[in-house]
1. Taking the simple approach of a point 7 Å from Cα along Cα-to-Cβ for both Ala168 and Asp185, what is their distance in nm?
2. Which is farthest toward the positive dipole end of the stretch 56-186 among Gly181, Thr159, Ala69, measuring Cα position about the Cα centre, with Cβ charges +1 (Lys, Arg) and -1 (Asp, Glu)?
3. Report the Cα centroid-to-centroid distance between the stretch 11-70 and the stretch 125-169 in angstrom, as an integer.
4. In the calculated pair distance distribution of the stretch 152-192, what percentage of Cα-Cα distances lie above 12 Å?
5. Looking at the square roots a ≥ b ≥ c of the eigenvalues of the Cα gyration tensor of the stretch 30-87, which shape do they give, rounded for a/c under 1.5, prolate if a/b is larger than b/c, or oblate?
6. Can you tell me the accessible area per residue over the chain, all protein chains present, probe 1.4 angstrom, in square angstrom?
7. Taking 0.36 nm per intervening residue step and subtracting the Cα-Cα distance, what contour gain separates Asp26 from Thr108 on full extension?
8. Putting +1 on Lys and Arg Cβ atoms and -1 on Asp and Glu Cβ atoms, find which of Gly5, Leu38, Gly106 reaches farthest to the positive end of the dipole of the stretch 1-145.
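The values are calculated or read from the model by the stated rules, or taken from the named source; none is laboratory data. Not measured: the values here are computed from a predicted model. Every residue, glycine among them, receives a Cβ derived from its backbone with ideal geometry; neighbour counts consider all protein chains shown. For the accessible areas, the whole protein counts, side chains as well, though only heavy atoms, and no ligand, DNA or RNA atoms are used. Shrake-Rupley method; radii C 1.70, N 1.55, O 1.52, S 1.80 Å.
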Amino acid sequence: MTSSGAGVAWYDRNAPGLADQYEGADFETVHGWLLPLLDGSTDGPVLDIGAGSGRDAAWFAARGYFVVAVEPAANLRAEARARHPEPSIAWLDDRLPELEAVTARGQTFSLILVSAVWMHVLPVERERAFETLVSLLRPGGLLAVTLRLGEPDAERGMTEVTNEELVALGAAYGLELVHNGVSADALGRPEVAWGEVALRKPA
Ligand SMILES: C[S@@+](CC[C@H](N)C(=O)[O-])C[C@H]1O[C@@H](n2cnc3c(N)ncnc32)[C@H](O)[C@@H]1O
């Protein structure tokens, strides 16, 4: 099993409790850093990868965006779909690094959100995953990634992530770095902090 596979199985087993937990934090608290970066060049569609409970997808949908929400854990996806049945959210069973179902749609996105997911992508698969993300981003579009910093939870198939890795991948693929920060955990866990990296594809 890949580390991502182990992670997905864990999210499947714990889906209802996790969905409650994720819905307990609001978008503005978790992603407040992203708000000033949303403008005419990020008017949708939005791709939310590893969308979890659908909290973030629903925030965008409520503001008129069309959202493709990707969630590989079937039980979590069912929870999310039940909580957020909005027709402007398309729920897909798919995963990094390939995102085969998303790619098969032939659609590109002005905003791609990868929130608390990168630690589930095996280090050896990360360049391929990044290449996939860049291919799905429109010219001028924004890739926003949050990174779970701190000790990785092996039971959940996590491995270490850093802002520097994303910054370096962005530079290698010709993306402009527009945000590079770190914030405290919105759910109050002292052992966890969050890296925030936003990269823009040249127009
Ligand atoms: C910590 S949760 C984050 C959920 C949501 N993005 C949020 O910020 O609340 C991690 C999510 O990533 C999903 N996931 C795990 N491996 C993945 C992969 N390879 N591709 C896409 N999503 C993945 C899990 O199923 C889970 O829903």
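1. Using points 7 Å along Cα→Cβ, the separation is 2.7 nm.
2. Going by the charge dipole, the pick is Ala69.
3. Distance between centres, Cα-based: 17 Å.
4. For the stretch 152-192, the fraction of Cα-Cα distances above 12 Å is 70 percent.
5. Cα axes put the stretch 30-87 in the prolate bin.
6. I get 42 Å² per residue for the chain.
7. 26.9 nm
8. Value: Gly106.
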